1. Please compute, for peptide B:56-62, the average count of beta-carbon atoms on other protein chains lying within 10 Å of each residue's beta-carbon.
2. Are there any helices in chain B, counted as whole DSSP H runs, that stretch 24 Å or more along their axis by Cα and score at least 0.0 on average by Kyte-Doolittle, and if so which?
3. What are the residues whose amide H is under 5 Å from the amide H of B:A244, where those residues sit 5 or more places off or on another chain and H is modelled from the backbone?
4. Counting Lys and Arg as +1 and Asp and Glu as -1, what is the net charge of the other residues whose Cβ lies under 11 Å from the Cβ of B:I297?
5. Using only Cα atoms, locate the centre of region A:86-118 and the centre of region B:126-170, then give the distance between them in Å, rounded to an integer.
6. Once amide H atoms are placed 1.01 Å from N in the peptide plane, what residues at a sequence separation of 5 or more from B:E252, or on another chain, have their amide H within under 5 Å of its amide H?
7. Ordered by residue, what ³J(HN,Hα) values in Hz, to whole numbers, does region B:92-103 give under the Karplus form 6.51 cos²θ - 1.76 cosθ + 1.60, where θ = phi - 60° and Gly and Pro are x?
8. For helix A:105-114, what angle does its Cα long axis make with the longest principal axis of chain A, in degrees from 0 to 90 and rounded to 10?
Amino acid sequence: MEGVALTAPVDFATLPAETAPLWSALREVMDPEIPISLVDLGLIYDVRRAGPEVEVDLTFTATACPCMAFIRYDIEERLLREEAVTSVRINEVWNPPWTKERITPEGREALKRFGVSM
Amino acid sequence: MAQYTEQELKEKVQNGFVVEYPHEMTEGYRKALIVQLLVQADTELVSAPAYFGAARDAPSTNTMVSATAIIQDELAHANIAYRLLEDLGLDKEELVYGRQPHEFKHPYGFDHPLENWAELVVANGLYDRAGITLLSDVYHNTSYGPLKRALVKVDQEETFHLRHGEMWMKRLSAAGGEAREKIQSAVDWMFPMAIEWFGLPDGMKRHSGQLEYRLKGMTNDELRQTWMKSTVPLCEGIGVEVPAHWDEQKQEFVLDYPFPCQYDEDEKRWLFDEGEISWETVFERWKGRGPKNREFIEAIQEGRQFRRMMEAA
């Protein structure tokens, strides 16, 4: 899991050129319940690409998250629309566990506007 | 003694006055608000047993968790509306546990069995959308302050239910075969059900206290159009047929079947061939309630006995 410090939000400036467009695409995938993207919420731990195959490490905010299936489908559907991506593999990762430290500054703003306190 | 006359209050709310307390209401306002809140509360409540029947057909544990999260939301929304009714002097316990099944005020459409996952997700896509259409109109227009504030949370959660419905309708339609057919069959009986839910056409509606008291902003026909404006393109976009289309000349959606018309409860099928019926006949059918009315309400009311057992233990 190189390139992503899991105790901090994603640093968009240091993303590898190969996967940066995929991160951008994932930034369009919104959490099903609140208006914040999966990337800004910090659920995406890593994105790797080998030619047409993409692999995503994904976590959830809670083990009983009601949106697990939902989020997986949304990720798959969005990434398959990227050029030359033909397969998407999603790994559910529980370690390290998600914490709110992973939320980006933009995500914090979005949550504040929505009325979620942190 | 009311603070305002009926006419004074109607004028005040049309000019933006927000009612906060029972003593600011007239008898007419209070009655209209109670009916509105009862319909809202009962609809949210009865959607829980209706959805639960179909949630048991969820394709995986994770999807079942999504469905039960939706059911839990609906129960919380019902609680919000019953709680608001308590401020108006009604008793929540009595409203939930003390009424006969036929006395509940949810739409007839919720008295029908949802029998598989496809029917559940179409209910999310069509019925929850009808709920959002009605409630977001209330949210934007209501003159009753406590309801407006309560609806912020309700609207956010209903949007999740709607997205759940849309996502699954798309997936199952794209899968083709039997999955697709099930979505089409569900839409076939649920689309006209939702259309009917919005009630009498404006031309026949004598007078609406809810509009005069500014408890809502749109007429029945406007709400029906708003619902179709998003439902018809959604269905057409995934290759599911609906009995309605956009009319260029009229600049509105028009139905491709006689409205209103009769429904065969056993066959779960609308009898388009038998032509238009009167609204009196529709009201009779609604009054008789649908086939699952008793079972759904009993499923909810059983909870009281269980709770009493727990309390006694």
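The values are calculated or read from the model by the stated rules, or taken from the named source; none is laboratory data. Treat the numbers as computed from the prediction; the structure is a model and nothing was measured. For neighbour counting, all protein chains shown are included, and Cβ atoms are generated from backbone atoms with ideal geometry for every residue, glycine included. Surface accessibility is based on the protein's heavy atoms, side chains included, excluding ligands, DNA and RNA. Shrake-Rupley method; radii C 1.70, N 1.55, O 1.52, S 1.80 Å.
1. Per residue, the number of nearby Cβ atoms from other chains is 2 on average.
2. For chain B, where a helix must reach 24 Å along its axis and average at least 0.0, the hits are B:27-55, B:61-87.
3. B:D256
4. Overall, the nearby charge balance is -2.
5. So the two Cα centres are separated by 25 Å.
6. Close amide H contacts, sequence-distant or interchain: B:D247.
7. Values, residue by residue: 4, 4, 5, 5, 7, 9, x, 9, 6, x, 6, 7 Hz.
8. Value to nearest ten degrees: 50.
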